[in-house]
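Reviewing the structure listed below.
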Amino acid sequence: MTSERNSKPGTSSDAPTTLYGAHQWVQSRYPPTDAPPSTVIAFHLENKRMYERIADIDRGHHHEALYFVGYEQRMADAAREEALRLGKSPAGQEVPPSAR
């Protein structure tokens, strides 16, 4: 029997194999509200890759998983834009005012 969670989806037989398992995995590792932008962006981009994989595996939920691929990309883009708006680099460093 395989588990629905793993710290790195797609890296072992314990990776999520259903959309439900993918959602559980995402919820179990959501970053704290004070996490640096780089952590939030990485979180969403990793989720995007995982949902792409789920779209190929859980064919009964293919289109729903593809929706979440787009959702996670939009969330990563929004986190990047918010970081720049606040004067922070998406990589976690301060952005000089002249570069904003």
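Read the figures in this text as sums done on the coordinates, not as results from a lab. All of these numbers come straight from a predicted model, not from anything done at the bench. Because the Cβ atoms are built from the backbone with ideal geometry, glycine has one as well, and the counts that use them run over all protein chains shown.
Derived scalar couplings between HN and Hα for region 39-48 equal 5, 5, 5, 4, 4, 5, 5, 5, 4, 4 Hz in order, rounded to whole Hz, by the Karplus curve 6.51 cos²θ - 1.76 cosθ + 1.60 (θ = phi - 60°), x for Gly and Pro. Judged by the mean number of other Cβ atoms found within 10 Å, the most tightly packed of the peptides 57-64, 26-33, 71-78, 40-47 leads the ranking 40-47, 71-78, 57-64, 26-33.
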